[in-house]
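*Asks:* To start, I am sharing the structure in question, which I have written as structure tokens.
The values are calculated or read from the model by the stated rules, or taken from the named source; none is laboratory data. Everything quoted here is computed from the prediction, not taken from an experiment. In this analysis, Cβ positions are derived from the backbone assuming ideal geometry, glycine residues included, and neighbour counts consider all displayed protein chains.
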Amino acid sequence: MKFTMDRPAGGVNCIRAYAPGQINVNDKLLSTSFVITPTALMENWPPQRFEDISLEHLQAALALAPEILIIGTGPALRFPEARLMAEIQRRGIGLEVLDTAAACRTYNVLVSEDRKVVAALLMI
């Protein structure tokens, strides 16, 4: 699925396209899980499968103090364990859990609104 949003001025990270197993960020193709913000890209985020996601893995994303954290769970929508979601909400961070395609679209919309968003995206 190709997105039509142009990369905003000022070097903001933008997701250009999504296909199963591959995401185009600023014309760079990524095929492993990653964390993205408008100003940072952390490639090779350790969990590669939904079952591997832990609070420890999300610490890097949470350390960026996002207003909203998006978790892309791969090709299907799946919810992390309640304990993990409760901890994120306890910190006052909005949480959106979506399949990765929807997470990519939502990330771009929030970036265009100048929101302080972090997306942690699983490929599979």
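*Asks:* List, please: which pairs have Cβ atoms under 7 Å, are six or more places apart or on different chains, and start with a residue in segment 6-18 that is closer than 27 Å to Pro75 by Cβ and surrounded by 15 or more Cβ atoms within 10 Å (Cβ to Cβ) and end with one that is at pLDDT below 75 and among the charged types (D, E, K, R)?
*Replies:* From residues that are closer than 27 Å to Pro75 by Cβ and surrounded by 15 or more Cβ atoms within 10 Å (Cβ to Cβ), the pairs are Cys14/Arg7; Ala17/Lys2.
*Asks:* So, in segment 93-113, how many residues would count as being touching a residue at least 60 places away in the same chain (Cβ under 8 Å) and of a type outside the set (Phe, Trp, Tyr)?
*Replies:* Within segment 93-113, the first condition is being touching a residue at least 60 places away in the same chain (Cβ under 8 Å), and the residues that meet it are 100-101, 104-105, 107-108, 111-112.
From the residues that got through so far, the ones that are of a type outside the set (Phe, Trp, Tyr) too are 100-101, 104-105, 108, 111-112.
Matching residues across segment 93-113 total 7.
*Asks:* Name, by its number, the condition in (1) farther than 24 Å from Cys14 by Cβ; (2) part of a helix (DSSP H, G or I) that does not hold for Ala61.
*Replies:* All conditions are met except number (1).
*Asks:* State all residues of segment 66-89 that are under 14 Å from the mean Cα position of the chain (by Cα), over 19 Å from Arg49 (Cα atoms) and aliphatic (A, V, I, L, M); if no residue qualifies, say none.
*Replies:* Scanning segment 66-89 gives a single hit, Ile68.
*Asks:* A follow-up question, please. Given the residues Pro75, Pro47, Pro38, which is the only one that is more than 15 Å from Met123 (Cβ to Cβ) and part of a loop (DSSP other than H, G, I, E, B)? Talk me through it step by step, then tell me what you get.
*Replies:* Numbers: Pro75 fails: more than 15 Å from Met123 (Cβ to Cβ); Pro47 fails: more than 15 Å from Met123 (Cβ to Cβ).
None of the others qualify; the one that does is Pro38.
*Asks:* Go through (1) in contact with a strand residue (DSSP E or B) (Cβ under 9 Å, 6 or more places away or on another chain); (2) over 25 Å from Arg16 (Cα atoms); (3) surrounded by fewer than 15 Cβ atoms within 10 Å (Cβ to Cβ) one by one and return the number of the condition Ala40 breaks.
*Replies:* (2)
*Asks:* Applying the selection to segment 83-102, what residues are assigned to a helix (DSSP H, G or I), touching a strand residue (DSSP E or B) at 6+ places or on another chain (Cβ under 7 Å) and under 25 Å from Tyr18 (Cα atoms)? First the steps, then the outcome.
*Replies:* Of the residues in segment 83-102, the ones assigned to a helix (DSSP H, G or I) are 83-90, 100-102.
Right, trim to touching a strand residue (DSSP E or B) at 6+ places or on another chain (Cβ under 7 Å) and you get 85, 88-89, 100-101.
Correct list: Thr100, Ala101.
*Asks:* Could you check how many residues of segment 26-41 are within 14 Å of Val117 (Cα to Cα) and free of Cβ contacts under 8 Å to residues at least 60 places away in the same chain?
*Replies:* So the count comes out to 3.
*Asks:* Can you tell me which residue among Ala65, Ala60 is closer than 25 Å to Glu113 by Cα, surrounded by 13 or more Cβ atoms within 10 Å (Cβ to Cβ), of a type in the set (Gly, Ala, Ser) and modelled with pLDDT under 95? Before you say what the answer is, go through the steps one by one.
*Replies:* On the way: Ala65 fails: surrounded by 13 or more Cβ atoms within 10 Å (Cβ to Cβ).
Of Ala65, Ala60, the one residue that is closer than 25 Å to Glu113 by Cα, surrounded by 13 or more Cβ atoms within 10 Å (Cβ to Cβ), of a type in the set (Gly, Ala, Ser) and modelled with pLDDT under 95 is Ala60.
*Asks:* Name the residue that is modelled with the lowest pLDDT, counting only residues in segment 1-25 that are part of a loop (DSSP other than H, G, I, E, B) and of a type in the set (Gly, Ala, Ser).
*Replies:* For segment 1-25, the residue satisfying everything is Ala9.
*Asks:* If you check Arg49, Arg78, Arg90, which single one turns out to be in contact (Cβ under 8 Å) with a residue 24 or more places away in the chain, exposed (fewer than 13 other Cβ atoms within 10 Å of the Cβ) and more than 21 Å from Gly11 (Cβ to Cβ)?
*Replies:* On the way: Arg78 fails: exposed (fewer than 13 other Cβ atoms within 10 Å of the Cβ); Arg90 fails: in contact (Cβ under 8 Å) with a residue 24 or more places away in the chain.
That would be Arg49, the only listed residue that is in contact (Cβ under 8 Å) with a residue 24 or more places away in the chain, exposed (fewer than 13 other Cβ atoms within 10 Å of the Cβ) and more than 21 Å from Gly11 (Cβ to Cβ).
*Asks:* Also: List the number of the failed condition for Asn108; all other conditions in (1) in a helix (DSSP H, G or I); (2) on the phi > 0 side of the Ramachandran plot hold.
*Replies:* Condition not satisfied by Asn108: (2).
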